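To start, the structure itself, in structure tokens.
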Amino acid sequence: MPTRRIFDLIVITALSLNVASGLPRMWARKEVAKQQGGIKKLAGAAVLHATS
């Protein structure tokens with residue numbers, strides 16, 4: 001059935017986009033939570049600020 005395949009494609013695409021947009025935020029949260037400073041922490045804070 002083509003309609004079932006199209007539905008599956010839409011669901012998989014939506015899930016993939018959700019994961020792709022969530023990965024940078026997970027990295028940024030991890031970097032901001034670290035006690036040490038540096039460019040990674042600054043970049044993480046910028047990513048969180050830009051995506052919130």
**Q.** Pair list, Cβ < 9 Å and 6+ apart or interchain, from the range 8-23 residues that are at pLDDT below 95 to residues that are open to solvent by 70 Å² or more (accessible area, probe 1.4 Å) and assigned to a helix (DSSP H, G or I)
**A.** S21/T51
Q: Only one of these is touching a Leu at 6+ places or on another chain (Cβ under 8 Å), open to solvent by 80 Å² or more (accessible area, probe 1.4 Å) and either in a helix (DSSP H, G or I) or of a type outside the set (A, V, I, L, M) (or both): R25, R29, R4. Name it.
A: R29
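The values are calculated or read from the model by the stated rules, or taken from the named source; none is laboratory data. These numbers come from a predicted model, not from an experiment. As a convention, Cβ positions derive from the backbone with ideal geometry for all residues, glycine included, and neighbour counts pool all protein chains shown. Ligands, DNA and RNA are excluded from the accessible area calculation, which covers all protein heavy atoms including side chains. Shrake-Rupley method; radii C 1.70, N 1.55, O 1.52, S 1.80 Å.
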